[in-house]
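The values are calculated or read from the model by the stated rules, or taken from the named source; none is laboratory data. Remember, it's a predicted structure, so these values are computed and weren't measured experimentally. We place every Cβ from the backbone using ideal geometry, glycine too, and count neighbours over all the protein chains shown. When the accessible area is computed, the model is the full protein with side chains, heavy atoms only, and any ligands, DNA or RNA have been set aside. Shrake-Rupley method; radii C 1.70, N 1.55, O 1.52, S 1.80 Å.
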Amino acid sequence: GRKVTVEHPLRFQTQPIVKSGLGSLEFTVAAGSCVYINDPQYDNPSKPYGGGYEIFQTIAQQNPTLMLWLGDNIYLRPTDWTSKAGIYRRYARDRALPALQSLLGGTQHYAIWDDHDYGPNNSDRSYVHKASALEAFQKNWANSSYGLPDTPGVFGQFTWGDVDFFLIDNRYHRSPSNAPRTPDKTQLGSRQFQWLIDALTSSRAPFKVVVSGGQVLSPFDFFEGYAQYPHEQKRLLDAIIERKIEGVLILSGDRHHTELVKIHPDGFYPLYDFTTSPLTSRGAQAEREWQSTARVPGTLVTSKRNFALLHFRGKRGDRSVILETRDAAGKLLWTH
């Protein structure tokens, strides 16, 4: 019964009604992935993997309309992923981080997961505690929906303003990444895949943001990504093109580096995959991908913790989105 006092405002907002005669609707989405919070009891204290927690306060200072968490939002340790109690313990410990509080208390949050907040590294549908992981995720993230009545998972959809966001689950139904690359190898599973294509087809939003834990358009298959699932990746792109689905933009995490990947299918508009990572984990160098011809020049960020901002602007019928990457201090690194 004791009142808890905090130094930052605690608030949420309802959305403005999008009326047919609305002139313009501007809002900003913050996004990021890979949140490693050091735990000396389980980690190597001489070589901490996480750091730079001030990035959360920097994001809060940007005053985003909402925050999208793109997976690896916590890092389960071996002592965590072997039990339901361990999964809940990791959530409780990480959520108590003081630097997180102003961001958590100041805006709306939507989330998906990747391997580290689902289970072990590179985990897939064979993970035996995935039901407990899903339960814990639902208790800690207030998404508006989870899966379908006959298909569990963290996937779902929400709308902000006139933009539709499609959250996908690349773990619960995933074939092992090192399984043979046969036509039935899947990331999403048949029911989620069909839902995604149908939901994109039904959407009338000027932008349809597909939110994925791993990269979707990158051609590199050295690490986890859709390139390791070439048949399903092709079916997804073919369906978007065949159904003439307009305004698709992909937002992804996982890779411990940031980049904007662009492909331009023949006779179609350019498709972009905005990868943003890491928030507090250690950055990667991406040496094997330095010369990527799919990357928009000037958008690669390595070895530096960073976050994304997506600014939706313009009048109805003439909407645009400005993509930004900023470092932990808020410095603009690139914009597109």
What is the range 37-86 by shape, rounded, prolate or oblate, if you read a ≥ b ≥ c off the alpha carbon gyration tensor as root eigenvalues and call it rounded for a/c under 1.5, prolate for a/b larger than b/c, and oblate otherwise? oblate
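Show me the chymotrypsin sites (Phe, Trp or Tyr not before Pro) within the range 198-238 that DSSP assigns to loop and that have at most 12 other Cβ atoms within 10 Å of their Cβ.
Phe222
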If you take the charge dipole of the chain about its Cα centre, with +1 on Lys and Arg Cβ and -1 on Asp and Glu Cβ, which of Ile197, Pro219, Phe158 is farthest toward its positive end? Phe158
Net charge of Cβ neighbours under 12 Å - reference Ser202; Lys, Arg +1; Asp, Glu -1: +1
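For the pairs Lys139/Lys208; Lys208/Lys315; Lys208/Lys244; Lys3/Lys139, flag any whose C-alpha to C-alpha distance is greater than 19 Å. Intermediate values should be presented prior to the final figure.
Working: Lys139/Lys208 27 Å; Lys208/Lys315 17 Å; Lys208/Lys244 13 Å; Lys3/Lys139 23 Å.
Exceeds cut-off: Lys139/Lys208; Lys3/Lys139.
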Pseudo-spin-label distance Asp162 to Ala329, built 7 Å along Cα→Cβ, given in nm, is 3.9
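Once you sort the root eigenvalues of the Cα gyration tensor of the chain as a ≥ b ≥ c, which label holds: rounded (a/c under 1.5), prolate (a/b larger than b/c) or oblate (the other case)?
Details: a/c = 1.33, a/b = 1.11, b/c = 1.20.
Rounded.
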Once the whole set of protein chains is in place, how much accessible area is left on Asp318, using a 1.4 Å probe, in Å² to the nearest 10? 110
Local net charge near Ala131, Cβ-Cβ under 14 Å (Lys/Arg +1, Asp/Glu -1): +3
So how far apart, in nm, are the two label points at His311 and Ser83 if each is 7 Å from Cα heading toward Cβ? 5.0
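When the chain is fully extended, how far beyond the present Cα-Cα distance does Lys244 get from Tyr146, taking 0.36 nm per residue of separation? Spell out each step's value before the answer.
Values: separation 98, 0.36 × 98 = 35.28 nm, distance 2.70 nm.
Stretched fully, the Lys244-Tyr146 segment lengthens by 32.6 nm.
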Under a Cβ-only charge scheme (Lys and Arg +1, Asp and Glu -1), can you give me the dipole magnitude of the chain about the Cα centre, in debye to the nearest 20? 600
Lys, Arg +1 and Asp, Glu -1 on Cβ, resulting dipole of the range 13-97 about Cα centre, debye, nearest 20: 260
Which order do Lys130, Lys304 take by accessible area at a 1.4 Å probe, largest first? Lys304, Lys130
Among Ile245, Ile168, Ile74, which one shows the biggest mean-square fluctuation in a GNM of the chain, springs joining Cα atoms closer than 10 Å? Ile245
As a test of the formula, what do you get for the chain when each DSSP H run with n ≥ 4 contributes -39,500 (n - 2.57) and the sum is divided by the residue count, at 222 nm and rounded to the nearest 500 deg cm²/dmol? -6000 deg cm²/dmol
Per-residue SASA entry for Tyr42, accessible area with 1.4 Å probe, Å² rounded to 10: 90
Among Gln41, Gln187, Gln57, whose mean-square fluctuation peaks in a Gaussian network model of the chain (Cα, cutoff 10 Å)? Gln41
